[in-house]
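Scroll down for the structure; my scribbles are underneath it.
All of the numbers you see were taken from the coordinates with simple rules; none came from a lab. Note that this is a predicted model, so its numbers are computed, not measured. Positions of Cβ are generated from backbone atoms using ideal geometry, with glycine treated the same way; all protein chains shown enter the neighbour counts.
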Amino acid sequence: MLWPRWLRVSTCVLFFTMLAGFVSWQTFAYVDASYPPPVELLVASSVEVTDRDGKLLRVYPIEGGRWRLEPDLKKIDPDFIKLLLAYEDKRFFSHVGVDPLAMVRAAGQFVVHGKIVSGGSTITMQLARLMEPRASRSLGAKLHQIFRALQLERRFSKRELLQFYLKLAPYGGNLEGTRAASLAYFGKEPIKLSVKEAALLVALPQSPEARRPDRHPKAAKIARNRVVGRMAKAGLLSEGEIARISEFSVPKFRRSMPVLAAHLADSALRLAPEVKVHKTTLKGSLQRRMERVAFEAAERHGSQVSAAIMVADATNGEILASVGSSDYFSEERDGFIDMSLAIRSPGSTLKPFIYGLAIEEGLVMPETMISDRPVDFSGYRPQNFDMTYQGDVSVRKALQMSLNVPAIRLLDKLGPARLVARMRRVGVSPRFPKGKEAGLAIGLGGVGLSLKNLVQLYVNLVSVDARPIAIGDGIRSVAKKMTGNRIMSRVAAWHVNDMLEEIAAPIGSRPLKIAYKTGTSYGHRDAWALGYDGRHVIGVWLGRADNVPVPGIYGVKTAAPILFEAFEKSGLDCVPFPEAPAGALRISSADLPSSMRVFKGRLELTAAAGEEKLHILVPGNGAQVELNSFADGESVPLVMKLQGGRPPFRLLANGRPIGRMFRRRELFWIPDTQGAAQLTVIDAKGDAQSVEIFLRKPDA
C-alpha cells in the first residue's frame with residue numbers, strides 16, 4: 001500500500017529529528033548504565049573439538065539446536081569481508097553506529113517510491129537487532145536499534161563488532177554466523193571463498209528463510225547475482241566475470257556438521273564442559289580415513305558388527321586417530337559404545353610379550369626348539385586354535401604361527417605374575433574376575449584389556465626409549481615418559497620385532513613393511529590385529545559391542561586385512577625399524593649353547609633332592625660397576641659369583657653367549673663398552689637368572 005505523500009514527509013521529519021537527538025547523546029559519550037545492552041547473548045557459541053592443527057572435528061549445537069560457531073577474523077576470507085562492507089555498510093569503520101548519509105538515502109527512496117527500497121541500517125544496528133529481535137519493523141523499533149548501536153559502539157571496538165555480527169548473522173534454519181553457513185553450504189571453513197560463495201553469504205542474512213539455497217535456490221541465486229551486480233558498479237568485477245559467475249547454480253542441499261572422533265569429543269566435553277574449544281592430538285585427515293576404513297569393514301561383516309581403530313605415535317605416546325565404533329549413530333551396532341575403551345578378551349595378542357620375556361630371561365632364543373604337543377598343567381590343558389599340533393618347532397615359528405602350547409610352556413616357566421608385573425610397569429592394569437589372580441590362561445586371552453591398553457603395550461614394544469611410554473587420551477597433553485624400566489630389554493624387543501616382521505601379509509592384502517600380531521577371543525567374540533612400523537602403532541578390533549559371538553571372525557582372517565588396509569590408507573610414511581642394539585644377533589640353532597638348543601619347561605625338569613636353585617650373588621641387580629684397567633692397560637675382568645644351580649654354566653651378555661662353559665661358580669667377563677648391560681647365567685638344567693648392571697669409567 002502506497003503511503004500518502006504528506007505522511008511520508010512527516011514521518012521522515014520526525015525520524016531525522018529523533019536521530020539528531022540520539023547522535024547528540026552519543027557525542028557527549030552518553031551510555032545509559034541502568035539499561036546496558038544484553039551482551040551475554042554475544043557469549044554463547046557452539047563447543048568445538050579440533051585436531052592438532054586446529055581443524056574442526058566435531059561441533060555441538062547451542063540451546064535450541066542452533067549452530068553458532070565462534071569466528072576469527074584472521075581465518076575469514078578478507079575478500080568476503082570487503083564485499084560484505086561494500087554491500088552492507090561502506091562507512092563501517094568511520095561512523096559511530098549510525099550512518100546519517102545511509103539514513104538520508106533510505107528516507108529519500110522511501111519518500112519517492114512509497115516503500116522501502118534499501119535499508120539504512122549499519123552493521124552495528126543489524127547486530128543490535130540480532131541481539132534483541134523485534135516482531136515489528138516500526139519506527140520505535142528502529143529508534144531502539146539506533147540507541148543500542150550507539151551503546152555498542154561505545155563499548156566495543158570495530159573489529160569486535162564485526163566479529164559479533166559474523167557470529168550472529170542468520171543464514172536460514174538453525175544456522176547462525178558465517179562459519180556455520182560456510183560449513184553447511186560449502187563444506188569448508190570460510191578462510192578461502194570463491195566470489196560466488198562470498199556473494200551468496202553476503203546476500204542470505206537480509207532474508208535468510210526466503211533465500212535459503214536448499215529450499216529456495218532460485219531466490220538465493222537472484223539475491224547472489226544482485227550482490228555480484230553491485231560489485232560491477234563498484235568496479236570490482238568485469239562484465240565478463242559477472243556474466244560467468246551469474247550462471248553458476250547455488251548449493252541445493254545442506255551438509256551435516258562434522259562429527260569426527262565422536263567418542264573422544266564426548267570425553268573432552270565431559271572432562272571440561274566449560275571449555276569452548278578442545279584441541280586434541282588427533283590428525284584430522286587420518287581420523288577421517290580410519291573412520292571410513294572402520295565403517296566399510298563393519299559393513300562387510302554384518303549389520304550388528306562394529307569396529308574400532310586406534311593409531312598412536314610410539315615416539316611420544318600421542319594418539320593420532322581414535323575410532324570408537326564403525327557408526328556412532330547406529331543403534332543396531334550400539335555405535336554409542338566406545339569400543340576402543342571397552343574391556344574384552346585380547347586373545348593371543350599378548351604372546352609377543354611372553355616370548356620377549358623368555359628371551360630376556362635367557363630361557364630361549366628365536367631358533368631354540370620348543371615342544372608343541374598336548375600337555376597338562378595341573379588340570380589346565382591348552383590346545384591350539386585348529387586342534388592340531390606341530391611337534392618340535394622353533395620359537396620363531398611358534399610365535400609366527402601363534403601356537404598356544406609353546407606360549408603357555410614358556411609362561412609356566414616365567415610365571416604369569418611376571419607378565420602382569422611387566423604390563424603394570426608400562427601403565428596397563430589388566431582386569432581379572434573378582435577374587436581371581438593371574439593364571440596361565442592369561443597367555444591365551446584369559447584377562448580383560450581394552451584396545452587402548454593393547455596399543456599402549458605395543459607402543460612400548462616399538463619404543464627405543466629407556467623408560468616406558470604412556471599414551472595419552474587424545475585430549476590432554478601427557479608426559480612422554482614414565483618412571484621405571486622398559487617392558488623388556490631392547491635386545492629382547494628387537495628379537496620379537498624380527499620374528500613378527502617375517503609374518504606374511506593376510507591373503508588379499510598388499511605386503512607392507514610392518515610387524516603384526518593377531519588374536520581371537522574365546523567363542524569368536526573379538527578379532528584383534530596389532531601392527532607397527534618403526535614409529536606408528538595401529539590397533540584394530542572387530543566384533544559386537546554386546547559381546548555376542550560372531551561366527552567366522554578370526555584375527556588373522558578378518559582383523560588383519562583391516563589392519564593392512566588401515567596402514568595402506570593412513571597416509572603415514574612407513575618408518576623403518578631401528579637397527580639392532582648391541583648384543584642383538586641372529587644366532588642359528590647350531591651356534592646356540594647346548595642348554596638353549598631345546599627348551600625344557602618345568603614339567604621336563606625334576607630337580608635332584610636337595611639341589612639348590614641357581615642364584616647370582618655378585619653383582620647385584622642394578623649395581624653400578626667401574627671399568628678398571630691393569631697397569632699395562634688391559635681391562636680388569638668383572639667377576640660373577642653364583643650360588644646353587646647345576647654346572648656347567650653358560651654366560652650371556654646382552655643376549656650374546658660369552659666364551660666357554662664354566663664349571664665353577666665363579667665366572668669372568670671382560671666388558672668391551674660402558675653403559676647398561678644385562679648378564680644372564682644358564683645352568684645345565686636350563687634354569688636361568690639375569691641381572692641388569694651399569695658399567696661406567698672411574699671418576700677422574
DSSP loop (so not H, G, I, E, B), at most 11 other Cβ within 10 Å: list which chymotrypsin sites (Phe, Trp or Tyr not before Pro) in segment 287-345 pass both filters.
PHE329
Convert each backbone phi in segment 591-600 into a coupling constant with the Karplus relation 6.51 cos²θ - 1.76 cosθ + 1.60 (shift: θ = phi - 60°), then list the ³J(HN,Hα) values in order as whole Hz, x for Gly and Pro.
8, 6, x, 4, 6, 10, 6, 10, 7, 10
Anchor LYS279: aspartates and glutamates whose Cα lies under 18 Å away (excluding residues fewer than 8 positions away in-chain)
GLU48, ASP51, ASP53, GLU70, ASP72, GLU189, ASP266, ASP313, GLU318, ASP473
Placing +1 at every Lys and Arg Cβ and -1 at every Asp and Glu Cβ, with all other atoms neutral, what dipole size does segment 605-696 have around its Cα centre, in debye to the nearest 20?
320
Which whole-Hz ³J(HN,Hα) couplings does segment 184-196 yield from phi under the Karplus relation 6.51 cos²θ - 1.76 cosθ + 1.60, θ = phi - 60°, glycine and proline marked x?
6, 8, 10, x, 7, 6, x, 6, 9, 10, 6, 4, 5
Exposure proxy check on THR558, THR50, THR178, THR673: fewest-to-most Cβ neighbours within 10 Å is THR673, THR50, THR558, THR178
Dipole magnitude of the chain, debye to nearest 20 (Cβ charges: Lys/Arg +1, Asp/Glu -1, about Cα centre):
2200
For segment 605-696, inverting the pair-averaged 1/r of distinct alpha-carbon atoms gives a Kirkwood value in Å of 13.8
If you take the Cα atoms of segment 533-652, find Rg, then find the Kirkwood Rh from the mean of 1/r over all pairs, what is Rg/Rh?
1.16
Roughly how tilted is helix 490-500, in degrees to the nearest 10 and between 0 and 90, from the longest Cα axis of the chain?
80
Translational diffusion coefficient of the chain at 10 °C, 1.306 mPa s, Stokes-Einstein with Kirkwood Rh over Cα pairs, in µm²/s as a whole number.
52
Amide H to amide H under 5 Å from LEU57: which residues, 5+ apart in sequence or cross-chain, H placed 1.01 Å off N in plane?
VAL49, THR50, ASP51
Exceeding 24 Å between C-alpha atoms, which entries from my cross-link table qualify? They are LYS196/LYS276; LYS82/LYS221; LYS82/LYS142.
LYS196/LYS276; LYS82/LYS142
Over the chain, what is the relative contact order in whole percent, taking alpha-carbon pairs under 8 Å and six or more residues apart?
10
What does the helix-only formula give at 222 nm for the chain: each DSSP H stretch with n ≥ 4 adding -39500 (n - 2.57), the total divided by the residues, and the result rounded to the nearest 500 deg cm²/dmol?
-10000 deg cm²/dmol
Order these by the 10 Å Cβ neighbour count, fewest first: ARG422, ARG602.
ARG602, ARG422
Suppose we keep just the alpha-carbon trace of segment 438-540; what are its Rg and Dmax in angstrom?
14.7, 43
Nonlocal amide H pairs with PHE649, under 5 Å, H built at 1.01 Å:
PHE662, ARG663
If I take the Cα coordinates of segment 348-408 and project them onto the principal axes, what are the three extents in Å, biggest first?
28, 21, 20
Summarise the long-distance tail of P(r) for segment 210-341 by giving the % of C-alpha pairs beyond 18 Å.
67
Interchain or long-range residues, amide H under 5 Å from VAL598's placed H
MET369
What share of Cα pairs, in percent, lie more than 15 angstrom apart in segment 635-683?
41
So how long is each side of segment 285-431 along the principal axes, counting just the alpha-carbon atoms, biggest first, in Å?
49, 36, 27
Say the cut-off is 19 Å between C-alpha atoms; which of LYS413/LYS685; LYS283/LYS517; LYS74/LYS192; LYS55/LYS188 go over it?
LYS283/LYS517
Going by how many other beta carbons lie within 10 Å of each one, how would you line up TRP541, TRP669, fewest first?
TRP669, TRP541
Answer check: segment 497-599, Cα atoms, Kirkwood Rh, Rg/Rh ratio of 1.08
Considering the options ALA438, GLY379, PRO406, tell which one lies farthest towards the positive end of the dipole of segment 365-438, charges being +1 on Lys and Arg and -1 on Asp and Glu at the Cβ, about the Cα centre.
ALA438
Short version: ³J(HN,Hα) in whole Hz for each residue of segment 293-308, in order, from phi by Karplus 6.51 cos²θ - 1.76 cosθ + 1.60 (θ = phi - 60°), x for Gly and Pro, what are they?
4, 5, 4, 5, 5, 5, 4, 6, 10, x, 6, 10, 8, 10, 9, 9
Given Cα pairs under 8 Å that are at least 6 residues apart, what percent is the relative contact order of segment 605-696?
34
With no solvent and one point per C-alpha, what does the Debye sum give as log10 I(q)/I(0) for segment 422-488 at q = 0.12, 0.19, 0.26 Å⁻¹?
-0.34, -0.78, -1.17
